[in-house]
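Just passing along the structure, written as structure tokens.
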Amino acid sequence: MTSTLVAASTPEPNSYLEEAKSLLSELEPAKKAEVLADLAITEELRRLRDLVDRLRSSVTSSI
């Protein structure tokens with residue numbers, strides 16, 4: 001059996017992520033917590049929309 005080594009690549013810097021971190025660090029703790037909670041809610045809504053879309057697709061294809 002032969003094995004191939006693949007060099008680990010470093011991920012490209014994400015300028016949006018870096019800017020978001022910088023902006024968050026400037027916020028007061030209460031506002032930072034509020035922003036992070038809003039982001040978590042937004043991500044959960046995105047995940048639920050994706051699940052609904054997959055369910056809709058599944059139901060449609062089975063009809």
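The values are calculated or read from the model by the stated rules, or taken from the named source; none is laboratory data. All figures in this text were calculated on a predicted structure; none of them were measured in a lab. Ideal geometry is used to build each Cβ from the backbone, glycine not excepted, and the neighbour counts take in all protein chains shown. What goes into the accessible areas is simple: the full protein's heavy atoms, side chains included, and nothing from ligands, DNA or RNA. Shrake-Rupley method; radii C 1.70, N 1.55, O 1.52, S 1.80 Å.
Tell me the label only: which of [x] 13.1; [y] 16.0; [z] 12.6 is Kirkwood radius over Cα pairs in Å as calculated from this structure?
The calculated read-out lines up with [y].
About the Cα centre of the chain, what is the dipole size in debye to 20, counting +1 per Lys and Arg Cβ and -1 per Asp and Glu Cβ, all else neutral?
Magnitude of the dipole: close to 360 debye.
Still on this structure, I have one more. Report the extension gain between Leu39 and Lys21 in nm, rounded to one decimal, defined as 0.36 nm multiplied by the number of residues separating them, less their alpha carbon distance.
Extra length available between Leu39 and Lys21 comes to 5.2 nm.
Want the number for Asn14 to Arg47: 0.36 nm per residue separation, take away the alpha-carbon distance, what's left?
9.7 nm
May I ask you to evaluate 6.51 cos²θ - 1.76 cosθ + 1.60, the Karplus curve with θ = phi - 60°, for each residue of the range 15-23 and list the ³J(HN,Hα) values in order in whole Hz, giving x for glycine and proline?
Whole-Hz 3J(HN,Hα) from phi for the range 15-23: 5, 5, 5, 4, 5, 4, 4, 5, 5.
So how do 10-18, 39-47 stack up, highest first, on mean other-Cβ count within 10 Å?
By packing density, highest mean first, the sequence is 39-47, 10-18.
Find the accessible area per residue for the chain; the probe is 1.4 Å, ligands and nucleic acids are left out, and the unit is Å².
For the chain, the per-residue accessible area is 98 Å².
Which value at 222 nm does the chain reach when only helices count, each DSSP H run of 4 or more adding -39,500 (n - 2.57), with the total divided by all residues and rounded to the nearest 500 deg cm²/dmol?
-25500 deg cm²/dmol
With unit charges on the beta carbon (Lys/Arg positive, Asp/Glu negative), name the residue among Tyr16, Ser58, Ala40 whose Cα is farthest towards the positive pole of the charge dipole of the chain.
Of the listed residues, the answer is Ser58.
Using θ = phi - 60° and the Karplus form 6.51 cos²θ - 1.76 cosθ + 1.60, what ³J(HN,Hα) does each residue of the range 35-49 get, whole Hz, x for Gly and Pro?
Residue by residue, the range 35-49 yields 5, 5, 5, 4, 5, 5, 5, 4, 5, 5, 4, 4, 5, 5, 4 Hz.
Can you give me the % of accessible surface on the chain that is carbon or sulfur? Probe 1.4 Å, all protein chains present, nothing else counted.
In the chain, the share of accessible area belonging to carbon and sulfur is 61 percent.
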